[in-house]
1. Under the 0.36 nm per residue contour assumption, what length would be gained going from the current alpha-carbon distance of Val47 and Ser163 to full extension?
2. For an R0 of 41 angstrom, estimate the FRET efficiency from the Cβ-Cβ distance between Ala79 and Ser57 and round to the nearest 0.05.
3. For Thr223 and Ser104 in the same chain, what is the full-extension length gain: residue separation times 0.36 nm, less their Cα-Cα distance, in nm?
4. Of the peptides 87-96, 216-225, how do they stack up when ordered by the mean number of other Cβ atoms within 10 Å, highest first?
5. Using a 10 Å cut-off on Cβ atoms, rank the peptides 49-58, 70-79, 159-168, 173-182 from the highest mean neighbour count down.
6. Ignoring ligands, DNA and RNA, what accessible area per residue does segment 42-111 give at 1.4 Å, in Å²?
7. Keeping all protein chains in place, calculate the accessible area per residue for segment 186-225 (probe 1.4 angstrom), answer in Å².
8. If a/c stays under 1.5 just call it rounded; otherwise compare a/b with b/c (prolate if a/b is bigger, oblate if not). Do that for segment 67-195, with a ≥ b ≥ c from the square roots of the Cα gyration tensor eigenvalues.
Amino acid sequence: MAITIEKVDTGDRKKRAAWRPIALAVIGASVLITTGVGVFATLSASVNNVTPQAVNSGTLELSLSDNGAGFSNQIANLAPGDIVNRFVTLVNSGSLEGKDLTFSVASTGSTALITDGASPATTKALKVSVERCTIAWTPSTGACGGTTTTLLAPTTLAAAASSQNLISGAVDVAEEIYLLIKVELPDQSETTVNGVPPAFTVQGGAVDVTYTFIQSQRVAETTNS
């Protein structure tokens, strides 16, 4: 039996083995590139309104003006039992409806004129009240040619420091609210002896008063059109 032995060149074998990974990598990369192009090559379309839609926000404003002396002139030399009326006009001057008008008073000065205390100083302090007329008041006479409504009964300055509700519900745009603000020193008796007034006296007192009116915005709305 004849046996033939073939000699193989190991150098060629090593060269072929070395190139195989490179060839596989090139083939793999080409597959990824081909696949990638297939994923990102997509169609798209868009549309928009040619004319921009205008959107704007409203304003909530409340203006105050004196009718007659109003709040501009001081109130001087009050005696027990005196009442001083001041007339003002509020206007919802913004573009939004308001609601729930409130009122508060900030006051500094003589304690006896601001708050009622324990006996014998009860019911001594200044009181403020608010009335509304359906038309403008006549300051020279205090007359209302329409219908009056009491919005706040007489309240001490101290008690009026907390928010007092005047109007519940809507306040229309451009609505005018005609108010009478009444300040009174309650009728009371004091006796000054040898030039000395009694304790807790209301005589010679002074206060600085700031009236604040606040309206809220209307209830938020959802509009369909």
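The values are calculated or read from the model by the stated rules, or taken from the named source; none is laboratory data. Values in this document were obtained by computation on a predicted structure and should not be read as measured data. Cβ coordinates were reconstructed from backbone atoms using ideal geometry, including for glycine residues, and neighbour counts include every protein chain displayed. What goes into the accessible areas is simple: the full protein's heavy atoms, side chains included, and nothing from ligands, DNA or RNA. Shrake-Rupley method; radii C 1.70, N 1.55, O 1.52, S 1.80 Å.
1. Details: separation 116, 0.36 × 116 = 41.76 nm, distance 5.30 nm.
Gain on stretching Val47 to Ser163: 36.5 nm.
2. Details: r = 52 Å, r/R0 = 1.26.
Between Ala79 and Ser57 the formula returns 0.20.
3. Details: separation 119, 0.36 × 119 = 42.84 nm, distance 3.47 nm.
Extra length available between Thr223 and Ser104 comes to 39.4 nm.
4. Working: 87-96: 18.2, 216-225: 7.5.
Per-residue mean Cβ counts within 10 Å order the peptides as 87-96, 216-225.
5. Values: 49-58: 6.2, 70-79: 11.5, 159-168: 15.4, 173-182: 17.7.
In descending order of packing, they fall as 173-182, 159-168, 70-79, 49-58.
6. Averaged over the residues of segment 42-111, the accessible area is 66 Å².
7. Values: 3110 Å² over 40 residues.
In whole numbers, segment 186-225 has 78 Å² accessible per residue.
8. Prolate.
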